[in-house]
Amino acid sequence: MTNWAGNITFRAERVDRPSSLEELRGLVARSGKVRVLGSGHSFNHIADSPGALVSLDGLPPEIDVDSAAAAVRVAASVRYGELGRRLHEKGYALPNLASLPHISVAGSCATGTHGSGDGNGGLATSVRAIEMVTAGGDLVTLSRDADGDRFGGAVVSLGALGAVVALTLDLLPAFDVRQRVYEGLPAEVLDDRFDAVMSAAYSVSLFTDWRTSRVNQVWVKERLTPASRSEGTTASAGLDESEAGGGFFGAAPADGPRHPVPGVSPVHCTTQMGTPGPWFERLPHFRPDFTPSSGEELQSEYMVPRRHAAEAFRALGAIGDRIAPVLQISEIRSIAADDLWLSPSQGRDTVAFHFTWVKDPAAVTPVLTAIEERLAPYGARPHWGKIFTLPPDVLRSRYERMDDFAALARHHDPRGVFANDYVERYVFGRE
């Protein structure tokens with residue numbers, strides 16, 4: 001059994017698929033080592049287990065909206081694509097989504113996965129409450145209101161506290177978004193106008209192959225207000241439409257739909273060309289009704305403080321000749337600061353440098369090391385679920401609350417039932 005990309009073969013002795021909460025509780029209580037497997041969209045050994053892997057796909061896929069509380073209780077295995085559709089039907093929305101809507105809610109939050117936008121925190125910042133089965137088989141509920149600061153340690157948990165069975169998320173009123181793509185952004189614009197570019201709309205993504213002095217594509221997602229839908233304006237006052245042909249900081253409007261990877265058909269991408277649509281059909285880059293097969297790719301992502309973003313871009317550009325030969329495409333996005341202990345955006349507004357690589361670990365690994373050396377002055381934090389080469393002690397040093405999290409993990413899981421090799425190395429510092 002492998003992960004989504006096929007680069008990790010799980011070492012677990014067995015895979016259990018309980019069909020009820022009681023069955024899950026008994027299974028966990030009897031097990032020596034357990035890890036919960038989400039949608040498998042991770043690229044390292046974070047989900048692996050020397051004992052049992054547990055899939056929660058057999059539990060009821062509950063989605064219960066509480067209109068009075070503006071919240072939704074959602075089963076851990078539910079994917080964001082289905083959740084978004086159901087919420088929109090009831091007039092609600094989440095503030096943001098990742099680029100791929102096929103990933104599970106619980107797995108995405110547990111690894112600090114994010115969407116995009118200066119004012120938008122990672123997906124886990126919407127979590128109001130967590131229900132999980134702990135090592136003894138007990139069902140425990142943690143909440144923002146009841147658990148205070150400790151709740152900030154429980155949301156991005158790396159699966160180390162227990163088997164999360166449901167999350168309660170904050171909701172917003174449903175809204176529409178329209179998406180435009182621009183091509184050929186001059187890289188020098190980012191030297192002194194980086195903030196203006198990234199704040200020009202609700203969500204802005206830069207795609208580059210690091211081969212030239214221009215950013216290949218800019219994907220601009222504008223949140224629409226009721227007035228803007230009727231008047232043709234947007235809620236994004238920073239959008240630069242003053243250039244001839246409606247350009248964007250020197251980039252030209254694309255003359256048709258685009259895929260982020262050059263030469264790939266855009267048929268599976270979300271609707272572009274400025275056509276308005278529901279938030280859940282525009283905020284991701286890929287359509288909810290497209291189910292991806294195993295990907296011929298590897299992924300890495302490094303989060304740096306927003307104040308260093310332009311410097312980091314230049315530092316990576318200086319090794320573009322090493323990055324480009326093993327790269328499919330790179331994406332740059334912004335994320336608002338949060339207070340979740342192991343979130344890559346904890347305590348700082350953040351810019352993420354994402355890399356989709358060719359599926360060749362031997363060729364990619366030395367490039368990762370070169371990238372990490374270039375980003376070291378900025379304290380870059382790698383995505384927990386993607387590939388990186390940082391030593392465990394270096395990674396731990398970049399999280400101020402790592403010792404607090406390790407103590408929280410020991411409190412909820414004193415026997416280390418949910419601690420695999422990955423958690424032992426990167427949380428507890430045991431080789």
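Just so you know, all these numbers are worked out from the coordinates, no wet-lab data involved. Bear in mind the structure is a predicted one, so any value in this text is a computation, not a measurement. Don't worry about glycine lacking a Cβ; one is built from the backbone with ideal geometry, like all the others, and counts go over all protein chains shown.
Between the amide H of N120 and those of A336, distances stay under 5 Å, these residues lying 5 or more places away or on another chain, with hydrogens modeled in the peptide plane. A simple spin-label model places pseudo-atoms 7 Å from Cα toward Cβ; at R211 and T291 they are separated by 3.4 nm. Packing-based ranking of 256-266, 332-342, 80-90 yields 332-342, 80-90, 256-266, ordered from highest to lowest mean Cβ neighbour count within 10 Å.
The coefficient of translational diffusion for segment 60-154, derived via Stokes-Einstein from the alpha carbon Kirkwood radius under 10 °C and 1.306 mPa s, stands at 112 µm²/s. Residues C109, C269 in ascending order of nearby Cβ atoms (within 10 Å, fewest first): C269, C109.
The tail of the calculated P(r) for segment 275-431 beyond 18 Å holds 65 percent of all Cα-Cα pairs. Using only alpha carbons, segment 19-71 has a radius of gyration to Kirkwood radius ratio (Rg to Rh) of 1.10. With neighbour counts taken as other beta-carbon atoms within 10 Å, the residues K221, K33 rank, fewest first, as K33, K221. Normalised by the number of residues in segment 352-431, the average gap of Cα pairs under 8 Å and 6 or more apart makes the relative contact order 24 percent.
Every helix of 4 or more DSSP H residues in the chain counts as -39500 (n - 2.57), and over all residues that averages to -6500 deg cm²/dmol at 222 nm. Which FRET efficiency value, to the nearest 0.05, do you get for H268 and A187 by plugging their Cβ-Cβ distance into 1/(1 + (r/R0)^6) with R0 = 30 Å? About 0.60, to the nearest 0.05.
The ratio of the alpha-carbon radius of gyration of the chain to the globular-protein estimate 2.2 N^0.38 Å is 0.95. Taking the Cα centre of segment 63-173 as reference, the dipole from Cβ charges on Lys and Arg (+1) and Asp and Glu (-1) amounts to some 240 debye. When DSSP beta bridges are restricted to pairs lying wholly in the chain, around 90% turn out antiparallel. Note on E373 and R30: with the Förster distance fixed at 45 Å, the Cβ-Cβ geometry gives a FRET efficiency of about 0.45.
Fully extending the segment from R314 to A362, taken as 0.36 nm per residue of separation minus the present Cα-Cα distance, adds 14.7 nm.
Length gained on full extension, R14 to R430, computed as 0.36 nm times the residue gap minus the Cα-Cα distance: 147.3 nm.
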